[in-house]
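Only one structure is covered here, and it is reproduced in the block below.
The values are calculated or read from the model by the stated rules, or taken from the named source; none is laboratory data. Computed from a predicted model, the values in this text were never measured in an experiment. Cβ: placed from backbone, ideal geometry, glycine included. Neighbour counts: every protein chain shown.
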Amino acid sequence: MPNTKSAIKRVSVTRAKSIKNVMRKSALKSSIKKCKAAISTGDNAKETLNNTVSFIDKAASKGLLHRNTAARRKSKLARAYNRSVEA
């Protein structure tokens, strides 16, 4: 248990930030799943891809994802989109 006022506040702030991060990560995963589904069905795939890439960039800038992880995920989605367009 925290003993000082500042330690008590840090626990509170950390808990609030953790909850926000969990929500943001969940939204990011949902966005990626929607993008994959749109790419496989082909409906509105380009717009969904652009929105998802934007979401990934925001997550990386907030420190939710490492920048290399963000780049890898964007690349993977772009490759999947390009394969579906060619086929």
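Looking at Ala45, Ala16, just one residue is surrounded by 12 or more Cβ atoms within 10 Å (Cβ to Cβ) and more than 13 Å from the chain's Cα centre (by Cα), and that residue is Ala45. Among residues of segment 40-60 that are at positive phi, those with a beta-carbon under 9 Å from a residue that is part of a helix (DSSP H, G or I) and modelled with pLDDT of 95 or more at least six positions away or on a different chain give the pairs Asn44/Ala38.
Across segment 25-40, the qualifying residues are those that are of a type in the set (Ser, Thr, Tyr) and within 15 Å of Tyr81 (Cβ to Cβ), and the one among them that is nearest to the chain's Cα centre (by Cα) is Ser31.
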